[in-house]
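Student: Below you'll find the structure I mean.
The values are calculated or read from the model by the stated rules, or taken from the named source; none is laboratory data. Nothing here was measured: the structure is a model prediction, and the numbers come from that model. Here Cβ is always computed from backbone atoms with ideal geometry, including for glycine, and neighbour counts include all displayed protein chains. When the accessible area is computed, the model is the full protein with side chains, heavy atoms only, and any ligands, DNA or RNA have been set aside. Shrake-Rupley method; radii C 1.70, N 1.55, O 1.52, S 1.80 Å.
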Amino acid sequence: MGHVARTIGTSFAYVRCFAEILEDRDTMTNMMFFASAKPLEFDISDDLLHIIGKHTIRGRVLGGMLSNEVDVSGFVENTDLSPITDSWNPLPQWQVSTAIQHWHAMRGMVSTSYWLNY
């Protein structure tokens, strides 16, 4: 995550990151990065959640988003971390074990027939 945050930070002054789940740091989780040349503010009010439905997937994700922010400022500002480039991209090697874990996890959650029709 550090190299990804550093890479984004080389192009954008403001970088924020949110994890889908923060409780268990030993499991993989989805991360959402937002980046901009201007400060990033999110207005996720109860009114908005009511409109989209608090109990929908979108409502649950947005409702917990701000409390799941990951401070990436240390990575963004760390010049010892190399930004990912076309000439240095370790992501394919780094993602293999996670991809295999994800493959097994998804097959445990969703039936084979679903994947065959997906």
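Student: Scan segment 12-76 for trypsin sites (Lys or Arg not before Pro) in coil per DSSP, keeping those whose Cβ has at most 15 other Cβ atoms within 10 Å, and list them by number.
Tutor: Hits after loop and neighbour filter: 25, 54.
Student: Per residue, how much accessible area does the chain have with a 1.4 Å probe, in Å²?
Tutor: Heavy-atom accessible area per residue stands at 75 Å².
Student: If 21, 44 are ordered by their accessible area, calculated over protein heavy atoms with a 1.4 Å probe, which sequence runs from highest to lowest?
Tutor: The ordering from most to least exposed comes out as 21, 44.
Student: Taking all protein chains in place and a 1.4 Å probe, what share, in percent, of the accessible surface of the chain do carbon and sulfur account for?
Tutor: Of all accessible area on the chain, carbon and sulfur atoms account for 55 percent.
Student: For 107, 6, give the ranking by accessible area with the largest first, probe 1.4 Å.
Tutor: 107, 6
Student: So, one more: Under a point spin-label approximation (7 Å from Cα along Cα-to-Cβ), what is the residue 73-residue 91 distance to one decimal in nm?
Tutor: In this crude label model, residue 73 to residue 91 measures out at 2.6 nm.
Student: Stretched out fully, how many nm does the piece from residue 31 to residue 12 gain, at 0.36 nm a residue minus the Cα gap?
Tutor: 5.1 nm
Student: Taking H placed 1.01 Å from N in the peptide plane, check which residues at least 5 places from residue 72 or on another chain put their amide H under 5 Å from its amide H.
Tutor: Counting only residues 5 or more places away or on other chains, the set is 17.
Student: Turning to a different aspect of this structure: With every protein chain present, what accessible area does residue 81 have (1.4 Å probe, heavy atoms only), rounded to the nearest 10 Å²?
Tutor: Solvent-accessible area, nearest 10 Å²: 30 Å².
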